[in-house]
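Inspection log for the structure reproduced underneath, given as structure tokens.
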Amino acid sequence: MISQAKPITTADPAPIKREKCLLAGDVGGTKTILSLFRPNGKRLTPVAEQVFRSHEYGSLESMVREFLSNQPHSIMAASFGVAAAVVRGKAITNNIPWHVDSRELANCLGLEELGLINDLEANAYGLEVLEPEEFFVLNEGYADDQGNRAVISAGTGLGQAGVVWTKNGYVPLASQGGLTDFAPNGELQIELARYLSNRYGHASWERAVSGPGLRNIYEFLRDTGRGEEPAWMSEQLDLTDVAMLITDGAVSGTSELCVKALNLFISIFGAEAGNVALKFTATGGLFIGGGISPRIVRQLLEGPFMSSFVEKGCRKPIMKNIPVKVILNPKAALMGAAHHASLIYERI
């Protein structure tokens, strides 16, 4: 539990005027990035940043306290994007090693209000502050400037969010859609669904579309005799980032099994991206985040991603018009949390 400690103060006790900054966090089960930003309208200038290993700390509060102890700045507002479901200001997670309560953390920071949002919500807020060159276009489409948007992000898990247009602008909506039932398309994917069900008891989209999902697809193809695993691959499977290993083997063409795995991954990824776009009627665009996609943008562009994306029966003409873009900035969620903090400050 986060203790009810005295408000966190920054290091410099001297009676000088401190610069007011936004505190933002991208909080994950493996690592957490904390950063201070100087706001100037929608532009955010980074002032300080530190990366932490999440499991080395007993609470988010202790991590924030350590970070701010070295910063001669005052906090005007704060927001944290968390890889978890957030319900009534509390993070509900299996991967992050703490209980996080926005009210308790706000009290510790001496703030009236604090933002605690899902990491895909943070990605969605980040869309408002990224520059055009921070996107790779897979499908130009015809963006409706008042149309809903959607975000899908394949990394450690599969995150999804909607971004709904209102009279006050865009409002992100969190989702746990990556955990819904995997819907296979064709005999090969039906076999994959059975394989995943036998292995995990439940075949979700996340079991196929994520870093671990890419490994699942690779092992499915290997185990069902659809490719031979090279000796160098066998030696490294438990020693490195397997998703990156498979991706590198596919991109370089050094493993036919890796090529097949990545192509199947991309096809399934495109299908679910299309599902998300349909569910949120994302005529304003579908945006792809996460750590995998920026490494395989050419394969997404040239492979079966878009054909799977648009193949939605009578809605195919609508799907062809939806802009589809890959988010290239790896700190989109962090910047989105900072933008969310700025909106909180404006409101209060």
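What are the residue pairs meeting all of these: first residue in region 44-70, first residue touching a residue at least 12 places away in the same chain (Cβ under 8 Å) and under 19 Å from A333 (Cα atoms), second residue hydroxyl-bearing (S, T, Y) and surrounded by fewer than 15 Cβ atoms within 10 Å (Cβ to Cβ), Cβ atoms under 9 Å, and 6 or more apart or on different chains?
Here the result reads R53/T30; S54/T30, each pair linking region 44-70 to a residue that is hydroxyl-bearing (S, T, Y) and surrounded by fewer than 15 Cβ atoms within 10 Å (Cβ to Cβ).
Does A150 count as outside the structural domain of A84 (by TED's automatic domain parsing), touching an Asp or Glu at 6+ places or on another chain (Cβ under 7 Å) and either surrounded by 23 or more Cβ atoms within 10 Å (Cβ to Cβ) or without any contact (Cβ under 8 Å) to a residue 12 or more places away in the chain (or both)?
no
Given P212, P184, which one is modelled with pLDDT under 95 and farther than 24 Å from H340 by Cβ? Quick ask: steps written out before the conclusion?
Details: P184 fails: modelled with pLDDT under 95.
Every option except P212 fails the conditions.
Taking the options G141, G178, name whichever one is crowded, with 17+ Cβ neighbours inside 10 Å, over 16 Å from the mean Cα position of the chain (by Cα) and farther than 30 Å from R347 by Cα. Give the derivation first.
Details: G178 fails: over 16 Å from the mean Cα position of the chain (by Cα).
Unique residue meeting the criteria: G141.
I'd like to check something: does region 213-223 contain any residue that is assigned to a helix (DSSP H, G or I), among the aliphatic types (A, V, I, L, M), touching a residue at least 40 places away in the same chain (Cβ under 8 Å) and more than 20 Å from P294 (Cβ to Cβ)?
yes
Out of the residues in region 54-100 that are in contact with an Asp or Glu (Cβ under 6 Å, 6 or more places away or on another chain) and surrounded by fewer than 22 Cβ atoms within 10 Å (Cβ to Cβ), which is farthest from A124 (Cα to Cα)?
The qualifying residue farthest from A124 (Cα to Cα) is P72.
Looking at region 199-251, which of its residues are of a type in the set (K, R) and either out of contact with any Gly (no Cβ under 8 Å at 6 or more places or on another chain) or farther than 12 Å from F265 by Cα (or both)?
Filtering region 199-251 down to residues of a type in the set (K, R) leaves 199, 207, 215, 222, 226.
The answer is R199, R215, R222, R226.
In region 103-131, how many residues are under 22 Å from V151 (Cβ atoms) and either surrounded by 22 or more Cβ atoms within 10 Å (Cβ to Cβ) or among the acidic types (D, E) (or both)? Talk me through it step by step, then tell me what you get.
Initially, region 103-131 is screened for residues under 22 Å from V151 (Cβ atoms), giving 115-131.
Filter once more, so that each one left must be either surrounded by 22 or more Cβ atoms within 10 Å (Cβ to Cβ) or among the acidic types (D, E) (or both): 115-128, 131.
Residues that pass the stated criteria total 15.
Within the bounds of region 189-210, is there any residue that is within 21 Å of V82 (Cβ to Cβ), touching a helix residue (DSSP H, G or I) at 6+ places or on another chain (Cβ under 9 Å) and part of a strand (DSSP E or B)?
Taking every residue of region 189-210 in turn, at least one turns out to be within 21 Å of V82 (Cβ to Cβ), touching a helix residue (DSSP H, G or I) at 6+ places or on another chain (Cβ under 9 Å) and part of a strand (DSSP E or B).
Residues in region 26-43 that are without any contact (Cβ under 8 Å) to a residue 12 or more places away in the chain and either assigned to a strand (DSSP E or B) or under 22 Å from the mean Cα position of the chain (by Cα) (or both): how many?
Here the count works out to 1.
Identify, from the list V47, V64, the residue that is over 30 Å from P132 (Cβ atoms) and aliphatic (A, V, I, L, M).
Of the residues listed, the single one that is over 30 Å from P132 (Cβ atoms) and aliphatic (A, V, I, L, M) is V64.
Among what's in region 154-181 and is part of a loop (DSSP other than H, G, I, E, B) and hydroxyl-bearing (S, T, Y), pick the residue that is modelled with the highest pLDDT.
Out of the qualifying residues, it is T180.
Scan region 303-346 for residues that are basic (K, R) and touching a residue at least 60 places away in the same chain (Cβ under 8 Å) and jot them down. Talk me through it step by step, then tell me what you get.
Initially, region 303-346 is screened for residues basic (K, R), giving 312, 315-316, 320, 325, 331.
K320, K325, K331, listed by residue number.
Of the residues G270, G284, only one is touching a residue at least 24 places away in the same chain (Cβ under 8 Å), touching a strand residue (DSSP E or B) at 6+ places or on another chain (Cβ under 8 Å) and either within 22 Å of A161 (Cα to Cα) or of a type in the set (V, I, T) (or both); which?
Being touching a residue at least 24 places away in the same chain (Cβ under 8 Å), touching a strand residue (DSSP E or B) at 6+ places or on another chain (Cβ under 8 Å) and either within 22 Å of A161 (Cα to Cα) or of a type in the set (V, I, T) (or both) holds for just one of G270, G284, which is G284.
Which condition number in (1) in contact with a His (Cβ under 7 Å, 6 or more places away or on another chain); (2) in the same structural domain as D101 (by TED's automatic domain parsing); (3) modelled with pLDDT under 85 is the one that L36 fails?
(3)
Evaluate the following for T254: is it among the polar types (S, T, N, Q), surrounded by 15 or more Cβ atoms within 10 Å (Cβ to Cβ) and in a loop (DSSP other than H, G, I, E, B)?
In short, no.
Residues in region 219-277 that are of a type in the set (D, E) and in contact with a helix residue (DSSP H, G or I) (Cβ under 6 Å, 6 or more places away or on another chain): how many?
Matching residues across region 219-277 total 2.
So which residues in region 277-290 are in a helix (DSSP H, G or I) and either of a type in the set (D, E, K, R) or surrounded by 21 or more Cβ atoms within 10 Å (Cβ to Cβ) (or both), if there are any at all?
Scanning region 277-290 gives A277, K279.
Could you list, in sequence order, the residues of region 302-326 that are of a type outside the set (K, R), outside any helix (DSSP H, G or I) and in contact with a strand residue (DSSP E or B) (Cβ under 7 Å, 6 or more places away or on another chain)? Spell out the reasoning first.
Step one: of region 302-326, the residues of a type outside the set (K, R) are 302-311, 313-314, 317-319, 321-324, 326.
If we keep only those that are outside any helix (DSSP H, G or I) as well, we get 303-304, 311, 322-324, 326.
Correct list: I322, P323, V324, V326.
The values are calculated or read from the model by the stated rules, or taken from the named source; none is laboratory data. All values derive from a computational prediction rather than experimental measurement. Positions of Cβ are generated from backbone atoms using ideal geometry, with glycine treated the same way; all protein chains shown enter the neighbour counts.
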